[in-house]
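The values are calculated or read from the model by the stated rules, or taken from the named source; none is laboratory data. All values reported here derive from a predicted model rather than from experimental measurement. For neighbour counting, all protein chains shown are included, and Cβ atoms are generated from backbone atoms with ideal geometry for every residue, glycine included. Accessible surface is based on the protein model in full, side chains and every heavy atom, while ligands, DNA and RNA are left aside. Shrake-Rupley method; radii C 1.70, N 1.55, O 1.52, S 1.80 Å.
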Amino acid sequence: MLSSSSFPVPPSPAPLINRCQTISELNQIHAQIIKSSRSSSHPLILRRLVALSPSHGFTIHLYSRWLSSSPHLQTLRLSLPSVLKSCGRHSSVEQAKQIHGQILKAHFQLDPYVSNSLLRTYFELGEDEIAWRVFEKMPQRDAVSWNSAVSGFVRSGHFGFARRVFDEMPQKDLVSYNSMVDGLMKWNRCDLARELFCSMEEKDVVSWTTMISGYVLNFRPKEALEVFREMLSSGVEPDAAAVVNVLAAVADLGFPEEGKWVHAYLRRSNIKLNSEVLGSALIDMYSKCGLVTNAYNVFRSVCDGRRVGDWNSMISGLSIHGLGQEALEIFEEMERNKIQPDEITFIAILNGCSHSGMIEEGLYYFKLMKDKYQIEPRLQHYGCLIDLFGRAGLIEEAMRIIGEAMPMEPDAMAWKSILSSCVKYGLVTYGEHAATKAIDLAPQDSSSYVLLSNIYARNKQWEDVERVRELMREKRVQKVPGCSTVMIHGKVHEFIVGKEMGVGCREVVLSKLEEVISRLKMEGYEPDVTQVLVHVGEGEKEGLLSIHSEKMAVAFGLLNLEEGSSIHIVKNLRVCCDCHSFCEVVSKVYNYEIVLRDQNRFHHFKGGSCSCKGYW
DNA sequence: TTAGGGTTAG
């Protein structure tokens, strides 16, 4: 450790302060500054302190100490934004109000620089009404004040107010437009956002990134990529934030071609690859596109092993590929390297355990999280435990988590997790109970109804199946149609249940499928006709089942790709049992590898078996 | 330097 005397304070200590990476480094410089009684450096110290995000208590302590030494007004003025920022970040409403009082006492409310910080802090604390009063009472509003009000209301979800402030603004600049476009996107109004964006005379990298992230947010990754291409041709150079969003769009789509191109673009660009979150975005993109080896290579080469997010992305990537053991090894390496795991790390770990059927390990890490790392398990962690037991068929243990172990009320997701395990193991009574709870909590979510009706159908309770259908009609719940996409020679083809394909395409695909199914039957494949929502004649049912979107995608792949190659499919819902065994047999009989990403995870079918080993 | 876009999550 360096002694404080080895840090002579230069004429301007700013560069030294900003270079501090740890609180103790900062403390040493602080000691020097106090000795040289250069109190004008206090605001810089405070700003760096907040950037290093220590405890809020420490920030307040330091600030109060300065306050009691009656600093110059200018010193106080420059310190206020940092202290307020800390209050906002640590949800300290009372402290913020106290500082508000001090501001009024010193008449700083006349100063937009100070009032704007106050405004932002109240929005961040969820105190919209106070924020609005501060805004209304401001004797002088500058561009920052107006823009803070717009973005404050956008963030808090009061879009109506954001629009009003935006419309009333005396002068709009780029920041105002970008905030408004962002608000429209967050409010799911892609069309209006696009319109406003197009009307802008000047667009900077933030404007383009706002559009890209907005489309990603609204589950429209294709449009996000189109905007990125437009951006490149318009001559605006992307930065790290832009690329992170583009990678998120590629990860959503699930086909790596575009992602590889973005990665190559990054290497050529001036963007620093190991900066901030780019590494974890790349890892995530490769894992979600099925290339977990590429993800691993990025993790080893691009990332420096210091950011918890990189580790989390890697663990989560291995987990969704069913590589639970490998995920645990990465976690152990993380512990050896003294990287502090966070709550996301444990969600990824627990998810990995549940996708690999590792019950003992899952329970061990759940305990480790609480005991060693003092991370209080949240709803999501309990959800993972429920999933862990449920997937393994241990429904009673899963129910015990809900009934006894967790201190909070289960959400719809927890009940749906129980429900889908009941479908898998044919447990009608538990399934009915879980479905009732899930529907209660999320009445518009069609999946609970569909799962319940599948349990009944499997048990041949056709009247109950009809009852569920009636309930759906009553509540106007629309079933989400299954959709599978497959990439053939660089072009994405989409198959949606109940939606017409291109002219002639349907006939070709269906006749191929028919041929495939009859060949598979000779190899022992028996279509499982129980997972159909509608009760119809046996022959008809088989027909309905055969058009699940992933089957069409497989048939299309067989038609267009050479034997021995890999068919890469992305599906929006969870794969059903029948399609799962269909893919298994296809991979053996036809000698194709099938890589299928469903709603939850990856299935790699090869030589008649699947990497998920039945855990999905 | 008080205002706008940023990864990992059952």
**Asked** Quick one: would you say A:Phe161 is in a helix (DSSP H, G or I), in contact with a helix residue (DSSP H, G or I) (Cβ under 9 Å, 6 or more places away or on another chain) and within 26 Å of A:Ala131 (Cα to Cα)?
**Response** yes
**Item:** Long-range neighbours under 9 Å by Cβ, at least six apart or interchain, first residue in contact (Cβ under 8 Å) with a residue 12 or more places away in the chain within region A:52-73, second in a loop (DSSP other than H, G, I, E, B) and of a type in the set (Gly, Ala, Ser)
**Value:** A:His56/A:Ser91; A:His56/A:Ser92; A:Ile60/A:Ser92; A:Leu73/A:Ala106
**Item:** Residue that is nearest to A:Ser275 (Cα to Cα), among those in region A:218-239 that are within 11 Å of DNA strand B (Cβ to nearest atom) and surrounded by fewer than 18 Cβ atoms within 10 Å (Cβ to Cβ)
**Value:** A:Asp239
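Can you name every residue in region A:551-582 that is among the charged types (D, E, K, R) and farther than 20 Å from A:Glu523 by Cα?
Taking region A:551-582 as the starting set, the residues that turn out to be among the charged types (D, E, K, R) are A:551, A:562-563, A:571, A:574, A:578.
A:Glu562, A:Lys571, A:Arg574 - these are the residues of region A:551-582 that are among the charged types (D, E, K, R) and farther than 20 Å from A:Glu523 by Cα.
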**Request:** May I ask you to list the residues in region A:424-463 that are under 28 Å from the mean Cα position of the chain (by Cα) and either in the same structural domain as A:Val575 (by TED's automatic domain parsing) or among the basic types (Lys, Arg) (or both)?
**Result:** A:Lys424, A:Lys437
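Output yes when any residue across region A:326-339 is more than 30 Å from A:Pro407 (Cα to Cα), more than 11 Å from DNA strand B (Cβ to nearest atom), assigned to a loop (DSSP other than H, G, I, E, B) and open to solvent by less than 30 Å² (accessible area, probe 1.4 Å), and no when none is.
Quick first cut of region A:326-339, residues more than 30 Å from A:Pro407 (Cα to Cα) only: A:326, A:329-330, A:333, A:336-338.
Now drop any that are not more than 11 Å from DNA strand B (Cβ to nearest atom), which leaves A:326, A:329-330, A:333, A:336-338.
Narrowing further to those that are assigned to a loop (DSSP other than H, G, I, E, B): A:337-338.
Subset that is open to solvent by less than 30 Å² (accessible area, probe 1.4 Å): none.
Within region A:326-339, not a single residue is more than 30 Å from A:Pro407 (Cα to Cα), more than 11 Å from DNA strand B (Cβ to nearest atom), assigned to a loop (DSSP other than H, G, I, E, B) and open to solvent by less than 30 Å² (accessible area, probe 1.4 Å).
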**Message:** Of everything in region A:140-158, what is farther than 18 Å from A:Lys172 by Cβ, assigned to a loop (DSSP other than H, G, I, E, B) and within 14 Å of DNA strand B (Cβ to nearest atom)? Give them in sequence order.
**Reply:** A:Gln140, A:Gly157
**Request:** Inspect region A:104-114 for any residue being within 13 Å of DNA strand B (Cβ to nearest atom) and closer than 19 Å to A:Val50 by Cα and give the result as yes or no.
**Result:** yes
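Scan region A:511-527 for residues that are among the hydrophobic types (A, V, I, L, M, F, W, C) and open to solvent by 60 Å² or more (accessible area, probe 1.4 Å) and jot them down. Before you say what the answer is, go through the steps one by one.
Filtering region A:511-527 down to residues among the hydrophobic types (A, V, I, L, M, F, W, C) leaves A:513, A:516-517, A:520, A:522.
A:Met522 - this is the single residue of region A:511-527 that is among the hydrophobic types (A, V, I, L, M, F, W, C) and open to solvent by 60 Å² or more (accessible area, probe 1.4 Å).
Of all residues in region A:341-354, count the ones that are more than 8 Å from DNA strand B (Cβ to nearest atom) and either part of a helix (DSSP H, G or I) or modelled with pLDDT under 95 (or both). Explain how you work it out, then say what you get.
So the first thing to find is which residues in region A:341-354 are more than 8 Å from DNA strand B (Cβ to nearest atom), and the list is A:341, A:346, A:349, A:352-353.
Pick out the ones that are also either part of a helix (DSSP H, G or I) or modelled with pLDDT under 95 (or both) and you get A:346, A:349, A:352-353.
Number satisfying all stated conditions: 4.
Before we move on, is A:Glu376 acidic (Asp, Glu), open to solvent by 30 Å² or more (accessible area, probe 1.4 Å), away from DNA strand B (no atom under 11 Å from the Cβ) and closer than 25 Å to A:Ile418 by Cα? Write out each step before concluding.
Values: acidic (Asp, Glu): yes; open to solvent by 30 Å² or more (accessible area, probe 1.4 Å): yes; away from DNA strand B (no atom under 11 Å from the Cβ): yes; closer than 25 Å to A:Ile418 by Cα: yes.
It is true that A:Glu376 is acidic (Asp, Glu), open to solvent by 30 Å² or more (accessible area, probe 1.4 Å), away from DNA strand B (no atom under 11 Å from the Cβ) and closer than 25 Å to A:Ile418 by Cα.
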**Request:** Sort out for me the helices (runs of 4 or more DSSP H) sitting completely within region A:406-479 that have 3 or more residues that are free of Cβ contacts under 8 Å to residues at least 40 places away in the same chain, of a type outside the set (S, T, N, Q) and closer than 22 Å to A:Leu394 by Cα.
**Result:** A:412-425, A:428-441, A:446-458
**Request:** Scan region A:261-281 for residues that are buried (at least 16 other Cβ atoms within 10 Å of the Cβ) and more than 11 Å from DNA strand B (Cβ to nearest atom) and report the count.
**Result:** 3
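I need the full set of residues from region A:69-85 which are over 15 Å from A:Arg120 (Cβ atoms) and open to solvent by 20 Å² or more (accessible area, probe 1.4 Å), in order please.
Listed by number, the residues that qualify are A:Ser69, A:Ser70, A:Pro71, A:His72, A:Leu73, A:Gln74, A:Leu76, A:Arg77, A:Leu78.
Residues are listed down the side, and each one gets a yes or a no for (1) within 16 Å of DNA strand B (Cβ to nearest atom); (2) open to solvent by 30 Å² or more (accessible area, probe 1.4 Å); (3) modelled with pLDDT under 95; (4) under 21 Å from A:Cys576 (Cα atoms):
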position: A:Ala398; (1), (2), (3), (4): yes, no, no, no
position: A:Ile418; (1), (2), (3), (4): yes, no, no, yes
position: A:Ser453; (1), (2), (3), (4): no, no, yes, yes
position: A:Arg458; (1), (2), (3), (4): no, yes, yes, yes
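A quick yes/no check of all residues on (1) closer than 21 Å to A:Phe161 by Cβ; (2) more than 14 Å from DNA strand B (Cβ to nearest atom); (3) open to solvent by 70 Å² or more (accessible area, probe 1.4 Å); (4) part of a helix (DSSP H, G or I):
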position: A:Val50; (1), (2), (3), (4): no, no, no, yes
position: A:Leu67; (1), (2), (3), (4): no, yes, no, yes
position: A:Cys87; (1), (2), (3), (4): no, no, no, yes
position: A:Gln95; (1), (2), (3), (4): no, yes, no, yes
position: A:Ile99; (1), (2), (3), (4): no, no, no, yes
position: A:Trp132; (1), (2), (3), (4): yes, yes, no, yes
**Prompt:** Can you pull out the residues in region A:277-302 that are closer than 22 Å to A:Lys571 by Cα, among the charged types (D, E, K, R) and without any contact (Cβ under 8 Å) to a residue 40 or more places away in the chain?
**Reply:** A:Asp284
**Prompt:** Can you tell me which residue in region A:170-197 is nearest to A:Glu223 (Cα to Cα), limited to those that are more than 8 Å from DNA strand B (Cβ to nearest atom), hydrophobic (A, V, I, L, M, F, W, C) and open to solvent by 10 Å² or more (accessible area, probe 1.4 Å)?
**Reply:** A:Leu192
**Asked** What is the number of the single condition among (1) open to solvent by less than 20 Å² (accessible area, probe 1.4 Å); (2) more than 11 Å from DNA strand B (Cβ to nearest atom); (3) more than 23 Å from A:Gly160 (Cα to Cα) that A:Tyr215 does not meet?
**Response** (3)
**Request:** May I ask you to list pairs of residues, at least six apart or on different chains, whose Cβ atoms are under 6 Å apart, with the first in region A:321-341 being within 21 Å of A:Ser356 (Cα to Cα) and outside the structural domain of A:His603 (by TED's automatic domain parsing) and the second being of a type in the set (Ser, Thr, Tyr) and not in a helix (DSSP H, G or I)?
**Result:** A:Gly322/A:Ser356; A:Gly322/A:Ser611; A:Gly324/A:Ser356
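Does at least one position in region A:203-212 carry a residue that is over 24 Å from the mean Cα position of the chain (by Cα) and either near DNA strand B (Cβ under 10 Å from one of its atoms) or surrounded by fewer than 17 Cβ atoms within 10 Å (Cβ to Cβ) (or both)?
Looking only at region A:203-212, we keep the residues that are over 24 Å from the mean Cα position of the chain (by Cα), and these are A:203-204.
When the remaining residues are screened for being either near DNA strand B (Cβ under 10 Å from one of its atoms) or surrounded by fewer than 17 Cβ atoms within 10 Å (Cβ to Cβ) (or both), the result is A:203-204.
For region A:203-212, residues over 24 Å from the mean Cα position of the chain (by Cα) and either near DNA strand B (Cβ under 10 Å from one of its atoms) or surrounded by fewer than 17 Cβ atoms within 10 Å (Cβ to Cβ) (or both): present.
Only one residue in A:Ser115, A:Ser40 is open to solvent by 20 Å² or more (accessible area, probe 1.4 Å) and among the small types (Gly, Ala, Ser). Which one? Before the answer, list the steps.
On the way: A:Ser115 fails: open to solvent by 20 Å² or more (accessible area, probe 1.4 Å).
Matching residue, one of A:Ser115, A:Ser40: A:Ser40.
The rows are residues; the columns are (1) within 19 Å of A:Pro43 (Cβ to Cβ); (2) open to solvent by less than 40 Å² (accessible area, probe 1.4 Å); (3) modelled with pLDDT under 95.
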{"site": "A:Ile103", "(1), (2), (3)": "yes, yes, yes"}
{"site": "A:Ala106", "(1), (2), (3)": "yes, yes, yes"}
{"site": "A:Asp111", "(1), (2), (3)": "yes, yes, yes"}
{"site": "A:Tyr122", "(1), (2), (3)": "no, yes, no"}
{"site": "A:Phe135", "(1), (2), (3)": "no, yes, no"}
{"site": "A:Gln140", "(1), (2), (3)": "no, no, yes"}
{"site": "A:Ser145", "(1), (2), (3)": "no, yes, no"}
{"site": "A:Ala149", "(1), (2), (3)": "no, yes, no"}
{"site": "A:Phe161", "(1), (2), (3)": "no, no, yes"}
**Message:** Looking only at region A:295-324, filter to residues that are of a type in the set (Ser, Thr, Tyr) and within 12 Å of DNA strand B (Cβ to nearest atom); which one of those is nearest to A:Val246 (Cα to Cα)?
**Reply:** A:Ser313
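Would you please name the residue that is nearest to DNA strand B (Cβ to nearest atom), looking only at residues in region A:282-294 that are in a helix (DSSP H, G or I) and crowded, with 24+ Cβ neighbours inside 10 Å? Before you say what the answer is, go through the steps one by one.
Here is the first cut: in region A:282-294, the residues in a helix (DSSP H, G or I) are A:282-288, A:292-294.
Imposing the further condition that a residue be crowded, with 24+ Cβ neighbours inside 10 Å reduces the set to A:282-288.
On the way: A:Leu282: 9, A:Ile283: 8, A:Asp284: 4, A:Met285: 9, A:Tyr286: 11, A:Ser287: 8, A:Lys288: 8 Å.
Applying the filter and picking the extreme gives A:Asp284.
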